[in-house]
Amino acid sequence: MKRSGLPVFVRLDGRPAILVGDGAMAEAKRRLLERAGAVIVGEDAPAQIALVACEDPEPVVARLKARGLLVNVADRPDLCDFTLPAIVERDPVTIAIGTGGASAGLAAALRQRIEPLIPASLGSLADALAGAREAMRARWPDGGERRRALGAALAGPLDPLVAQDEDAVTHWLEQAEAPGDRVETIVLTSPDPDDLTLRHARWLAQADRVTHRADVPSAILDRARADADRIACDAPPLGLPGLTVDVSTAR
């Protein structure tokens, strides 16, 4: 049974959030809420979420949950309806790292490892892509074709892990070509998804559909986009539009 839950981003700007507690842990929670723009209120105020950081949280949590609030409790994952991730922020991009409450220290350590890999220009790249949305729609009216073009760009000239010039998106749009239909083949040598090559992982992340043999592990198929079609078959059908990734196991 998975403990990590469904990751979501909640807009709190100008909305009330209950904070109960004092001390260093409560202050850390306060800073998170303030950074998100929340209006911090007391236990009895109307709200939809609450953060609790006190010595005896059970009675407080019981009262809050009885009102239908979603509650986070410091150092008590067994009482939490949601957990707070470690965050790498390049506004408007936020990378959240959670462990389902298993270890905040592990999440923090991962954040420290990931932080240096993320260029300061990533937020500007996101803003530029947002500003180019209509231009991309005009260039590629078909949604699937547009997604494939952008996926190819982000795996190449617009690599988000490389510092980009402020005109990078404009230059890409001037030079980009429509992505063609194609089939890529992955022959697995291991059932472990960590053994996928970077190229194979990118194919799966960009695929419109994944055709696969019956013995391909679900852990491999889970590396594809959630909305990509998955087709169990002996060979990929011919003539399908977009990117088909065909996965089989080595014999």
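The values are calculated or read from the model by the stated rules, or taken from the named source; none is laboratory data. Just so it is clear, the structure is predicted and the values come from calculations on it, not from any experiment. Note that we place each Cβ from the backbone using ideal geometry, even for glycine, and neighbour counts take in every protein chain shown. Side chains included, ligands, DNA and RNA excluded: accessible areas come from the protein's heavy atoms. Shrake-Rupley method; radii C 1.70, N 1.55, O 1.52, S 1.80 Å.
Between the helical axis of 104-114 and the longest alpha-carbon principal axis of the chain there is an angle of about 40 degrees. For the chain, take the longest principal axis of its alpha carbons; what is the angle in degrees between that and the long axis of helix 122-131, to the nearest 10 within 0 to 90? The two axes meet at around 70 degrees.
Using the reciprocal of the averaged 1/r over all distinct C-alpha pairs, how large is the Kirkwood radius of the chain in Å?
Working: mean 1/r = 0.0466 Å⁻¹.
The answer is 21.4 Å.
Per residue, what accessible area does the range 135-251 have, given a 1.4 Å probe and all protein chains present, in Å²?
Working: 6740 Å² over 117 residues.
Each residue of the range 135-251 exposes 58 Å² on average to a 1.4 Å probe.
Taking the 1.4 Å solvent-accessible surface of the chain as the whole, the part contributed by carbon and sulfur is 53%.
To the nearest ten degrees, helix 23-35 and the longest principal axis of the Cα atoms of the chain are 50 degrees apart.
Of the GluC sites (Glu not before Pro) found in the range 146-251, the ones in coil according to DSSP and having at most 14 other Cβ atoms within 10 Å of their Cβ are E166, E177.
When the expected Rg is taken as 2.2 N^0.38 Å, what fraction or multiple of it is the alpha-carbon Rg of the range 8-57? If you can, show how the numbers build up before the last one.
Working: Rg = 10.4 Å, N = 50, 2.2 N^0.38 = 9.7 Å.
Rg over 2.2 N^0.38 Å, computed on Cα atoms: 1.07.
Computed over every Cα-Cα pair of the range 1-140 and binned at 10 Å starting from 0, the pair-distance distribution P(r) comes out as 11, 34, 32, 16, 6, 1 percent.
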